[in-house]
Amino acid sequence: MNTNNTFKRNKEPIETVVSDSNINHETDVLEDSDAEQAPTNKGFRFGCMTFCIVVTLLFLWVWQHQSQFNDNYREALFFMRNGEPEKAIESYQKAIKNKRRTIFFKNEPSAYNNLGQAYMYAGQFTEAIDTFKKVIKMNSDIPEGFVNFATVYLRINEPMNAREICIHALQKFPDNPLLHYNLAIAYALTEEHSKSVSSLQKAIDLDPALKDFAEQENALKNILPIMNE
């Protein structure tokens, strides 16, 4: 027996053989895993990109129309200060149109309120009445809509309607001097002098500056002397 040959054979390194079937199996598992994850990742990325694009476009849309609203609003105020209510009406209408396109805060009571005033100064009383109704409907928690609504009826010599509006509004805004002032005019026009004096006194107590306006108001010329007795 040749022991040297046996020893040499025993000294040869032992190799670990991995079968092709195992390698192929591991590769298949990795490929299957990638195949399962790839559509999900692509869909998620696509969804994120779409969302970002939509939000960006929406922001630009809102920003553009809000900017146009601001420009038209300032232009309308300029026309009102210069005694051009017809031009102011056109600018307020453009402002409101752009405000509607801002989507989220599309109602602006102050713009409608100012539009109603422009209609009133332009002698378009029917449009003014309809506009102030919208103001009150949009926000009944501000007294300006009621004040101007009553003022329109006083302008067209319908004191009964003005009186009704003021009495109703004063239940919610008892300390608003302009409502008391308009109510005093309404009572004066219906020759309810004692009630007119009472309302005018309340208005002046709340806002002393209204006494100067009362002295220039034809309907109140007969009321002030009675109040000062």
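The values are calculated or read from the model by the stated rules, or taken from the named source; none is laboratory data. Nothing here was measured: the structure is a model prediction, and the numbers come from that model. Glycine gets a Cβ as well: all are built from the backbone with ideal geometry, and neighbour counts include every protein chain shown.
Quick notes on this one:
- Segment 125-142, residues that are under 18 Å from residue 171 (Cβ atoms) and surrounded by fewer than 18 Cβ atoms within 10 Å (Cβ to Cβ): 137, 139, 140, 141, 142
- Out of 88, 118, one residue alone is without any contact (Cβ under 8 Å) to a residue 60 or more places away in the chain, at negative phi, in contact with a Pro (Cβ under 7 Å, 6 or more places away or on another chain) and surrounded by 24 or more Cβ atoms within 10 Å (Cβ to Cβ). It is 118.
- Boolean, residue 189 is in the same structural domain as residue 222 (by TED's automatic domain parsing), modelled with pLDDT of 95 or more and crowded, with 23+ Cβ neighbours inside 10 Å: no
- When residues of segment 170-204 are limited to those that are in a helix (DSSP H, G or I) and of a type in the set (Ser, Thr, Tyr), the one farthest from the chain's Cα centre (by Cα): 194
- Condition broken by residue 106, with the remaining ones in (1) in contact with a helix residue (DSSP H, G or I) (Cβ under 6 Å, 6 or more places away or on another chain); (2) at pLDDT 95 or above; (3) not assigned by TED's automatic domain parsing to the domain that holds residue 205 satisfied: (2)
- Residue selected from segment 116-158 under the condition part of a loop (DSSP other than H, G, I, E, B) and of a type in the set (Val, Ile, Thr), by the criterion modelled with the highest pLDDT: 156
- Test: residue in segment 149-166 that is surrounded by fewer than 24 Cβ atoms within 10 Å (Cβ to Cβ), under 17 Å from residue 223 (Cα atoms) and without any contact (Cβ under 8 Å) to a residue 24 or more places away in the chain: no
- Cross-chain or 6+ apart pairs with Cβ under 7 Å, segment 205-225 first and in a helix (DSSP H, G or I), then crowded, with 17+ Cβ neighbours inside 10 Å and β-branched (Val, Ile, Thr): 210/204; 211/204; 219/185; 220/185; 223/197
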